Amino acid sequence: MALWLIGAFLATALLYASVGYGGGSTYSALLALSGYDYRLLPILSLSCNVVVVTGSLIRFARAGVVPWRGGLVLSLVAAPLAFLGGLTPITERSFLVLLGISLIAAAVLLLLPTTAQDRPGGGRAARLMPFAAAPLGYLAGVVGIGGGIFLAPLLHLSRWDNARRIAATASLFILINSVSGLVGQLTKAGVGRFSEAIGDGLPLLLAVVIGGQIGSLLALRLLPECVIRWLTAALTLYAGSRLLLG
């Protein structure tokens with residue numbers, strides 16, 4: 001396993017966990033750019049997601065900022081679609097194009113201003129979020145991401161809650177959808193693919209454990225959220241552009 005890839009996974013986990021995300025979108029992009037087998041790629045990416053957001057969610061829960069009821073509604077609406085996404089056959093070229101477009105869209109959403117801190121508790125737009133969660137679940141299952149990187153900006157725009165509770169909601173959403181998407185991927189590819197992917201990617205899993213713990217700590221205590229969001233957006237935009245430009 002290349003040292004640059006291990007370092008990139010650690011940095012990605014650190015940045016994404018800082019804003020409540022798992023990093024699956026960028027893990028997938030980094031693996032694709034490294035020439036990793038695209039059939040194993042979502043399995044390893046989703047596994048890394050689970051590792052990172054589990055740690056983040058535990059920290060958010062201990063801090064008492066997880067809106068369990070609302071977060072579970074969004075997550076359980078999306079989870080069946082994530083499973084179906086994981087089952088969906090897709091060619092390598094289609095996978096890479098869809099992933100690249102998804103990354104660029106995520107970067108743009110990350111750069112949108114977050115007004116939820118000042119005016120939480122949105123009206124009609126906030127109540128429509130479960131309808132937005134369903135297609136995000138399907139996308140998550142297809143390309144090996146958690147979907148929280150798309151959900152969180154929508155929650156901010158709808159003034160669904162304050163920024164910390166939205167980050168915690170994104171962690172819960174990503175965890176449930178990553179597990180559901182992973183089950184779908186393994187149903188499609190066979191359980192044997194899991195041991196193959198994890199065996200190859202063990203150093204990457206260890207890297208995201210370390211990065212994720214540091215990142216979730218920063219999310220609650222140290223770095224301004226706007227700085228983290230800009231850094232995350234820059235990384236996401238770069239990875240997506242590289243994929244699309246070949």
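Read the figures in this text as sums done on the coordinates, not as results from a lab. Quick caveat: nothing in here was measured; it's all calculated off a predicted structure. Every residue, glycine as well, gets a Cβ built from its backbone with ideal geometry; the counts of neighbours run over all protein chains shown.
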Among GLY24, GLY35, GLY212, which one shows the biggest mean-square fluctuation in a GNM of the chain, springs joining Cα atoms closer than 10 Å? GLY35
How far is helix 225-245 tilted off the main Cα axis of the chain, in degrees rounded to 10, range 0 to 90? 30 degrees
In 10 Å bins starting at 0, how do the alpha-carbon pair distances of the chain split up by percent? 9, 37, 39, 14, 2
Please give, to one decimal in nm, the separation of the simple spin-label points placed at SER94 and ILE210, each 7 Å out from Cα toward the Cβ. 3.9 nm
Can you tell which of VAL66, VAL183, VAL227 shows the greatest fluctuation in a Gaussian network model of the chain with Cα springs below 10 Å? VAL227
Helix-derived [θ] at 222 nm for the chain: sum -39500 (n - 2.57) over DSSP H runs of at least 4, divide by residue count, nearest 500? -26500 deg cm²/dmol
Can you tell me the FRET efficiency between LEU33 and MET1 if r is taken as the Cβ-Cβ distance and R0 is 25 Å, rounded to the nearest 0.05? 0.95
Could you work out Rg/(2.2 N^0.38 Å) for the stretch 22-77, with Rg from alpha carbons only? 1.40
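Quick one: order ASP161, ASP37 by neighbouring beta-carbon count within 10 Å, fewest to most.
Numbers: ASP161 23, ASP37 15.
Exposure proxy ranking, most exposed first: ASP37, ASP161.
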Taking the chain as the reference, fit the longest principal axis to its C-alpha atoms, fit the long axis of helix 148-157 to the helix C-alpha atoms, and give the angle between the two in degrees, 0 to 90, nearest 10. 20 degrees
Taking a ≥ b ≥ c as the square roots of the Cα gyration tensor eigenvalues, with a/c under 1.5 meaning rounded and otherwise prolate when a/b beats b/c, else oblate, which class fits the stretch 135-246? prolate
Got the relative contact order for the stretch 3-245 handy, in percent, Cα pairs under 8 Å and 6 or more residues apart? 41 percent
Most fluctuating of LEU151, LEU175, LEU33 in the GNM of the chain (C-alpha, under 10 Å) is LEU33
Would you mind computing, in nm to one decimal, how far apart the modelled labels at SER195 and LEU112 are, each placed 7 Å from Cα along Cα→Cβ? 4.5 nm
A chain fully extended from ALA125 to LEU245 at 0.36 nm per residue, minus the present Cα-Cα distance, gains in nm 39.7 nm
